[in-house]
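For reference, the structure is listed below as structure tokens.
The values are calculated or read from the model by the stated rules, or taken from the named source; none is laboratory data. Source: prediction; values computed, not measured. Here the Cβ positions follow ideal geometry from the backbone for every residue, glycine too, while neighbour counts run over all protein chains shown. Side chains included, ligands, DNA and RNA excluded: accessible areas come from the protein's heavy atoms. Shrake-Rupley method; radii C 1.70, N 1.55, O 1.52, S 1.80 Å.
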Amino acid sequence: MNDFIIPYRRYVDFGGRSDRKEFWYYLLFYVIVTAILSVLDRTLFPNTLDGDGDFLQPLTSIFAIASFVPSIAVSIRRMHDTGRSGWWVLIWLIPIIGWIWALILCAQKGQPEPNAYGEPPEGSRAV
């Protein structure tokens, strides 16, 4: 059940492969922690507005900055697991259509056999 923490342990490891479980647990962890920190920001810093009248969210921002590299790394390893180059992660830069396409690519089964990016992740299932 440590799959949501593995991307933080492999902080700058852009090589190798990550199975679906690791990727989706990480994404779920990221969304939940961001939501909790957002609520804490509104509670702890209620009168902190920037020039546009939007609330500043220092806790959420710090977490997002700390999670930026692991997010890219786990996404690249997920593409490697499906047999694609890590450059496919750039598809996230295309608004809406790119996001949907990237989510579909991340949801696909990984290759059960070794590919150009390494052995299948330990414990991944070919079902």
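A few notes on this one:
- Residue check, Ser18 of a type in the set (Gly, Ala, Ser), at negative phi, in contact with a helix residue (DSSP H, G or I) (Cβ under 9 Å, 6 or more places away or on another chain) and not in a loop (DSSP other than H, G, I, E, B): no
- In segment 1-15, the qualifying residues are those that are in a loop (DSSP other than H, G, I, E, B) and of a type in the set (A, V, I, L, M, F, W, C), and the one that is modelled with the highest pLDDT is Phe14.
- Among residues of segment 65-78 that are assigned to a helix (DSSP H, G or I), none has a Cβ under 7 angstrom from a residue that is open to solvent by 50 Å² or more (accessible area, probe 1.4 Å) and small (Gly, Ala, Ser) at a sequence gap of 6+ or on a separate chain.
- Checked against (1) surrounded by 13 or more Cβ atoms within 10 Å (Cβ to Cβ); (2) modelled with pLDDT under 95, Pro46 passes all but condition (1).
- Selection of segment 88-117 for residues being touching a helix residue (DSSP H, G or I) at 6+ places or on another chain (Cβ under 7 Å), open to solvent by 80 Å² or more (accessible area, probe 1.4 Å) and more than 16 Å from Arg77 (Cβ to Cβ) yields Trp99, Trp101.
- Among residues of segment 34-43 being open to solvent by 30 Å² or more (accessible area, probe 1.4 Å) and at pLDDT below 95, the one that is nearest to Ala116 (Cα to Cα) is Ser38.
- Cβ pairs under 8 Å, 6+ apart, first in segment 3-14 and closer than 12 Å to Tyr26 by Cβ and acidic (Asp, Glu), second modelled with pLDDT of 80 or more and open to solvent by less than 60 Å² (accessible area, probe 1.4 Å): Asp3/Glu22; Asp3/Tyr26
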